[in-house]
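The values are calculated or read from the model by the stated rules, or taken from the named source; none is laboratory data. Predicted model only: the values in this text are computed from it and were never measured. With ideal geometry, Cβ positions are generated from the backbone for all residues, glycine too; neighbour counts draw on all protein chains shown. For accessibility, only protein heavy atoms count, side chains too; no ligands or nucleic acids. Shrake-Rupley method; radii C 1.70, N 1.55, O 1.52, S 1.80 Å.
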Amino acid sequence: MITFKSKREQQMMHKAGQLLAACHKEIAKRIKPGVTTDDIDRFVEGYLKKHGATPEQKGYNGYQYATCASLNDEICHGFPRKTPLKDGDIITIDSVFNVNGALADSAWTYAVGRPSPEAEALMNVTHQALYEGIKQAKVGNRLGDIGHAIQSFVEPKGYSVVRDFTGHGIGPTLHEPPQILHYGSPGKGIRLKEGMVITIEPMVNIGAYQSKLDSNGWTARTVDGSLSAQYEHTLVITANGPLILTDQGDADTYL
Ligand code: MF3
Ligand code: CO
């Protein structure tokens with residue numbers, strides 16, 4: 001069942017979102033060659049503790065870490081590791097913060113050192129695709145409008161949109177209905193209403209959209225080994241348009 005969040009709940013989720021956004025900015029400063037994703041995961045754990053918040057992903061369906069750290073051809077749910085990041089890698093850090101029971105979910109892809117032109121272009125398209133989706137997240141539109149905006153922005157540029165993972169409603173629990181597909185047809189799907197809180201989190205591949213699962217049962221990677229990027233925000237559908245709870249200050253330029 002889709003639930004609608006009260007103003008009070010929205011404000012609490014916004015607090016969680018602002019803390020997560022601030023943490024992403026700290027992560028951005030720390031990502032460089034030689035740093036490990038285990039270092040980043042421990043930094044995030046410490047950051048949460050310092051702010052009286054908790055890592056919602058840790059223990060979720062048996063997941064063991066505060067962050068997902070998905071490297072290069074990994075699409076999502078990569079484990080933090082002790083392998084040093086290398087110049088030219090791209091790394092997606094995804095985390096869900098719980099502040100006094102209110103959640104916010106945001107993923108961001110970072111370049112390690114100097115990205116290749118291909119990696120940089122992929123990151124730019126994926127980042128912009130997130131905002132193309134968010135622009136459609138308004139009262140009266142339908143879910144298909146979000147998916148279509150993302151797909152029709154990404155595919156003509158020669159990239160593909162991952163089908164196997166979706167955005168979602170979010171509230172007191174991490175994954176609530178509805179599922180937010182990052183592809184689809186305009187005018188299709190349920191209508192968006194005031195007070196819905198959702199994530200939009202397109203994963204975009206340079207090659208084919210298909211994914212395969214690692215033997216660890218979690219990590220999804222591209223079938224063809226091509227690079228994958230992801231940007232994710234948590235947002236509220238308001239009467240005045242989408243309110244991005246995990247905004248890092250870059251949104252205005254794109255909306
Ligand atoms: N943050 C992820 C999402 O967007 C959740 C990853 S699943 C977990 O839904 F188990 F790692 F938490
Ligand atoms: Co999510």
Since Ala53 meets every condition but one in (1) over 17 Å from the mean Cα position of the chain (by Cα); (2) open to solvent by 20 Å² or more (accessible area, probe 1.4 Å); (3) not β-branched (Val, Ile, Thr), which condition does it not meet?
-> (2)
Quick one: Tyr63 ticks every box in (1) touching a strand residue (DSSP E or B) at 6+ places or on another chain (Cβ under 9 Å); (2) within 16 Å of ligand 2 (Cβ to nearest atom); (3) closer than 24 Å to Val204 by Cβ; (4) open to solvent by less than 50 Å² (accessible area, probe 1.4 Å) except a single one, so which number is it?
-> (1)
Residue identified as closer than 20 Å to Glu26 by Cβ, in contact (Cβ under 8 Å) with a residue 12 or more places away in the chain and of a type in the set (Asp, Glu) among Glu118, Glu74, Glu56 | Glu56
Condition met for Thr253 (assigned to a helix (DSSP H, G or I) and either within 14 Å of ligand 1 (Cβ to nearest atom) or among the polar types (S, T, N, Q) (or both)) | yes
How many residues of region 82-98 are open to solvent by 20 Å² or more (accessible area, probe 1.4 Å) and away from ligand 1 (no atom under 15 Å from the Cβ)? The answer is 6
Those residues that are near ligand 1 (Cβ under 10 Å from one of its atoms) and in contact with a helix residue (DSSP H, G or I) (Cβ under 7 Å, 6 or more places away or on another chain), I need them from region 56-81; list them, please.
-> Tyr65, Ala66, Thr67
Take region 215-239 and flag every residue that is open to solvent by less than 40 Å² (accessible area, probe 1.4 Å) and either of a type in the set (Asp, Glu) or more than 21 Å from Val112 (Cβ to Cβ) (or both).
-> Glu232, His233, Thr234, Leu235, Val236, Ile237, Thr238
Top-ranked residue of region 149-172 - restricted to ones that are more than 12 Å from ligand 2 (Cβ to nearest atom) and among the polar types (S, T, N, Q), ranked as surrounded by the fewest Cβ atoms within 10 Å (Cβ to Cβ) | Ser152
